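Take a look at the structure set out below.
The values are calculated or read from the model by the stated rules, or taken from the named source; none is laboratory data. All of these numbers come straight from a predicted model, not from anything done at the bench. Reconstructed Cβ throughout: ideal geometry from the backbone, glycine too, with neighbour counts over all protein chains shown. Only protein heavy atoms, including side chains, enter the accessible area calculation; ligands, DNA and RNA are left aside. Shrake-Rupley method; radii C 1.70, N 1.55, O 1.52, S 1.80 Å.
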Amino acid sequence: MSRPLPPATAARKSDPTDEPALVKAILIGVALSFFVLFLVLPLASVFVTALGKGFAAYWEGLTNDDALSAIRLTLLIAVIAVPLNLVFGVAASWAIARFEFRGKSVLTTLIDLPFSVSPVVAGLTFLLIFGRQGPLWDFLDAHNLKIVFALPGLVLATVFVTFPFVARELIPLMQAQGSEEEEAARVLGASGWQVFTRVTLPKIKWGLLYGVILCNARAMGEFGAVSVVFGHIRGETNTLPLHVEIEYNDYHTVGAFAAASILALLALATLALKLWAEHKLAQDKAARRADAVQA
């Protein structure tokens, strides 16, 4: 007859997720090593190189005419692209999560298209459509309209690569929440706009903010698509990532890394806002579960 196991051993054997201390230490060590190697060291090298010749050189790299123009253009593109994606994301999420219609699966698949297509291919597509060899060139040229190698082309490329972020965040959230509250509001006489602003929007606000944060970060940091349609015009079509490449290729190392430090700070700020939005979203979900249990 076998003797009973000690309590600690029995508890460890009954918990399938428990691992020996050595295995835990190895896994944590590997994770921390990758974190330091691929995140901390590159970020640190950006700031060390940017400040390597003193703060005066760093500040000059950020405040010269080309750098300021790149910063302004990057902000302008984000100000245009993010609201467009916000409107599209909310509309697409509402349609997919609340209605059944022919082509729903196709729309859902198309939303994921920028995740599966290279940004360079997307930029090349816009160049082939709106460029000199494209089918629309004669019309655009006759009306003196510039798409590629100008702000509209940069906005189109940025919108394409960023439009899944808001929709992909809201669709599962709205599907999980269901439509019972909206249906109850409509039965009580609320209009469609009242249902959206007073019922739906409060429920999705943190998920919406989370998607907007990711969309803005991608819009300001996009390189591949805009590099095809920007036209290499200094002070006019250079965004901040493109300015980094041009400065580095011209051996202006401090200027390149000074501009890169702005993108690095943007990434850190995005990470902090992302964690905050995730925390708020988790709190909102917990509060709704508690309300449902009490009801």
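Test residue 47 against the stated conditions and say whether it is open to solvent by 60 Å² or more (accessible area, probe 1.4 Å), of a type outside the set (A, V, I, L, M) and in a helix (DSSP H, G or I).
Working: open to solvent by 60 Å² or more (accessible area, probe 1.4 Å): no; of a type outside the set (A, V, I, L, M): yes; in a helix (DSSP H, G or I): yes.
Answer is no for this residue.
The single condition among (1) small (Gly, Ala, Ser); (2) open to solvent by less than 50 Å² (accessible area, probe 1.4 Å); (3) modelled with pLDDT of 85 or more that residue 192 does not satisfy is (3). Pairing each residue of region 193-221 that is in contact (Cβ under 8 Å) with a residue 40 or more places away in the chain with any residue that is crowded, with 22+ Cβ neighbours inside 10 Å and among the hydroxyl-bearing types (Ser, Thr, Tyr), provided the two are 6+ apart or on different chains, yields C-beta distances under 6 Å for 215/162; 218/162; 219/158; 219/162; 220/74. Checking each residue in region 197-208 for being crowded, with 17+ Cβ neighbours inside 10 Å and either farther than 19 Å from residue 285 by Cα or hydrophobic (A, V, I, L, M, F, W, C) (or both) picks out 199, 204, 206, 208.
Taking every residue in region 82-99 that is farther than 11 Å from residue 215 by Cα and pairing it with any residue that is of a type in the set (S, T, N, Q) and surrounded by fewer than 16 Cβ atoms within 10 Å (Cβ to Cβ), at least 6 positions away or on another chain, the pairs with Cβ-Cβ distances below 7 Å are 96/108; 97/175. Among residues of region 145-159 that are open to solvent by 20 Å² or more (accessible area, probe 1.4 Å), none has a Cβ under 7 angstrom from a residue that is acidic (Asp, Glu) at a sequence gap of 6+ or on a separate chain.
Quick one: would you say residue 178 is open to solvent by less than 40 Å² (accessible area, probe 1.4 Å) and touching a Ser or Thr at 6+ places or on another chain (Cβ under 9 Å)? Against the criterion (open to solvent by less than 40 Å² (accessible area, probe 1.4 Å) and touching a Ser or Thr at 6+ places or on another chain (Cβ under 9 Å)), residue 178 does not qualify. Does region 57-66 contain at least one residue that is out of contact with any His (no Cβ under 9 Å at 6 or more places or on another chain), among the small types (Gly, Ala, Ser) and open to solvent by 80 Å² or more (accessible area, probe 1.4 Å)? Looking for residues that are out of contact with any His (no Cβ under 9 Å at 6 or more places or on another chain), among the small types (Gly, Ala, Ser) and open to solvent by 80 Å² or more (accessible area, probe 1.4 Å), one finds none in region 57-66, hence no. Taking region 121-143 as the range and being of a type outside the set (S, T, N, Q), within 18 Å of residue 227 (Cα to Cα) and open to solvent by 60 Å² or more (accessible area, probe 1.4 Å) as the test, the residues that pass are 121, 124, 128, 129, 132.
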